[in-house]
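One structure below.
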Amino acid sequence: MGDGPPSIWEWIARNWDTGRVDSIRNLLTDHLTMSLVPILLSLVVALPLGLACVRWRWLYQPTSGLMNIVYAIPSLPIFMLLISVTGLSQTTVIIPLTFYGMAVLIPAVVDGLGSVPDHVRQSAVAMGFTPLRRLLAVELPIAVPVVLAGLRVVAVSSISLVSVGALIGQGGLGSLFTRAYQNPFMPPVIVGIVLIVALALVADGLLVLAQRLLTPWVRARKGRA
Amino acid sequence: MITFDAVTKRYPDGTVAVDGLSLEAPTGEITVFVGPSGCGKTTSLRMINRMIDATEGQILLDGVPVQGIDPPTLRRGIGYVIQQAGLFPHRRIVDNVATVPYLLGWDRRKARARAMELLERVGLDSALARRYPFQLSGGQQQRVGVARALAADPPVLLMDEPFSAVDPVVRTSLQDELLRLQAELNKTIVFVTHDIDEAIKLGDRVAVLRVGGRLAQLADPKTLLSDPADDFVREFLGRDRGIRRLQFVSTAGLRLRTDLTVEEGFGGGTAEPWALVVSADGAPVGWVADARPDVLEPFGTFVHGRDSMRSALDAALLSPSGCAVGVDENGKVVGVATREALDEALAEAADG
Ligand SMILES: Nc1ncnc2c1ncn2[C@@H]1O[C@H](COP(=O)(O)OP(=O)(O)O)[C@@H](O)[C@H]1O
Ligand SMILES: [Mg+2]
């Protein structure tokens, strides 16, 4: 190694697996945890809430109103508020991201169920489906494309938003950016951006693949047009 | 048999959709509910399988009140076909047809085998079984809808304007198909339509409903055409009621002449103005005028005893001779109905 700053490849090699918490590998794992947990959690919570909003229509207005407000609050004050409860932990990042996800997914579930044509629902009733079976075997499968479209938005935005957690020392790959702020040295920034974008692309690709496997009938429709 | 016993449906907003309806839909027959839009046809139909519950009165299935049967169980025993077919977009055609067998807990292979059999029965290529509903035409989807309703072999079939959304040519073939199926299956069918011609074509009995959900008349199609109960029914039947009634008058009593036929190569010289040339195997070839024996003129046929007077009259009008050619089931000439014979039969029909 010479006197000048190390090249990007040297920097990666040196920082990949140092055994310290801020090795690139550890940051990557943290980043994955803090984005995947909110994605899954928001889906798990949004499904029953969305169903409840469809079942009791009056619930939808207040719920979506509340979700929009949560979405509108900047994340920094939310972090500050949460720190007093959950400290400088990953949970402090995961909670607001889960709410952001819900703000997208609850309407997606409601719209998805709304996309079930009335005559399809009626004929399911007429053939003797019980309400639960109708939901599971007819309405939810038909809602899948709309819900998955929402999930793609949530996945990409969660992966990108995790970096904001760097403000409280829990940014996953985002901490590579704050480091550069303290010491203007480019390789960490580039590595951070490239890895985050790559993660987002992989997640989106996996969801597109899931959509193809889960809903061949949507592809069939496009194929014909 | 389905019995409506003084059934009334009042919706929560106060609309009376069905008002004191009492009638019977006999086992093995097609009963058609016909009437203008909003007269309560759909409501009446859906009260049978309890998609809507009656406000007053009751509906009985073979004497058993439907109110006492748990809705999913009741519905699995009643086929239901609607206008947009209502197929499940996410299921392949074969699985759409097998829906009720699956619900009834049939084993998958047996349900699919049954579905394939029904697809063939309604005239669909088995290659369509693996497709999704989007990949089928409207008429094909409607056939799948019928197959699906028949899958678990229910004794009762409810059909709500099932053929209204397809073009007239497809509609006619679907109607013929239904009559053909019904001749084999003898289901108890309640068929809803706003189209009086469809009602007359398909119905063993036709119930005409007026807005407000009141029964205006219940009769077989022939009686409906000859004896409408009131001005509403008369108006609803439309103008050419008399001609349409002829389709229920048999040609069995129509007098045929057998002395007007000649063999091919006829050179003229009968006492009659027209002669019918018949081939060696008995099939009609054409009419020749006595004055011009070398020119074959067009002819029209009807199957004597099977076709209606309307067909016979139509056959007569197709030919410059003014006579209709009566043939047997194999298309062989059995005789000629002259204008005089048609006139006699029409006079009789007008009396009857
Ligand atoms: N759910 C409902 N609530 C209130 N009124 C209804 C409802 N469904 C139907 N109606 C009214 O009941 C009448 C009969 O409707 P329907 O049975 O659908 O008639 P049809 O099938 O003969 O067109 C109409 O006036 C219609 O507007
Ligand atoms: Mg209707």
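Summary of values
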{"read-out": "Matching residues in the stretch B:20-41 - criterion: being within 12 Å of B:Leu209 (Cα to Cα), away from ligand 1 (no atom under 11 Å from the Cβ) and buried (at least 21 other Cβ atoms within 10 Å of the Cβ)", "value": "B:Leu21, B:Val32"}
{"read-out": "Residue that is most open to solvent (accessible area, probe 1.4 Å) [pool: residues in the stretch B:263-281 that are at pLDDT 90 or above and in contact with a Ser or Thr (Cβ under 9 Å, 6 or more places away or on another chain)]", "value": "B:Trp274"}
{"read-out": "Options B:Ala291, B:Ala312, B:Ala341; residue that is surrounded by fewer than 19 Cβ atoms within 10 Å (Cβ to Cβ) and not assigned by TED's automatic domain parsing to the domain that holds B:Lys201", "value": "B:Ala291"}
{"read-out": "Of the criteria (1) away from ligand 2 (no atom under 16 Å from the Cβ); (2) under 21 Å from the mean Cα position of the chain (by Cα), which one B:Phe33 fails", "value": "(1)"}
{"read-out": "Among the candidates B:Ala207, B:Ala199, residue that is within 16 Å of ligand 1 (Cβ to nearest atom), away from every other protein chain (no Cβ under 14 Å), small (Gly, Ala, Ser) and assigned to a helix (DSSP H, G or I)", "value": "B:Ala199"}
{"read-out": "Residue count, the stretch B:42-66 (criterion: buried (at least 18 other Cβ atoms within 10 Å of the Cβ), more than 14 Å from chain A (Cβ to nearest Cβ) and under 14 Å from B:Ile189 (Cα atoms))", "value": "2"}
{"read-out": "Search result, residues across the stretch B:183-195 that are of a type outside the set (Asp, Glu) and open to solvent by 20 Å² or more (accessible area, probe 1.4 Å)", "value": "B:Ala183, B:Leu185, B:Asn186, B:His194"}
{"read-out": "Candidates B:Ser173, B:Ser137, B:Ser164, filtered to the one that is in the same structural domain as B:Ser37 (by TED's automatic domain parsing), closer than 30 Å to B:Asp197 by Cβ and within 16 Å of ligand 2 (Cβ to nearest atom)", "value": "B:Ser164"}
{"read-out": "Hits in the stretch B:153-196 (condition: within 16 Å of ligand 1 (Cβ to nearest atom), within 14 Å of another protein chain (Cβ to nearest Cβ) and not in a strand (DSSP E or B))", "value": "B:Glu161, B:Pro162, B:Ser164, B:Ala165"}
{"read-out": "Pair list, Cβ under 6 Å, 6 or more apart: the stretch B:42-56 residue in the same structural domain as B:Val156 (by TED's automatic domain parsing), other residue polar (S, T, N, Q) and open to solvent by 40 Å² or more (accessible area, probe 1.4 Å)", "value": "none"}
{"read-out": "Exclusive hit being within 14 Å of chain B (Cβ to nearest Cβ), open to solvent by 10 Å² or more (accessible area, probe 1.4 Å), among the aliphatic types (A, V, I, L, M) and free of Cβ contacts under 8 Å to residues at least 12 places away in the same chain, set A:Val144, A:Val125", "value": "A:Val125"}
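The values are calculated or read from the model by the stated rules, or taken from the named source; none is laboratory data. Everything numeric here is computed off the predicted structure, so don't read it as measured data. Cβ sites come from the backbone with ideal geometry, for glycine too, and all protein chains shown count toward neighbours. Ligands, DNA and RNA are excluded from the accessible area calculation, which covers all protein heavy atoms including side chains. Shrake-Rupley method; radii C 1.70, N 1.55, O 1.52, S 1.80 Å.
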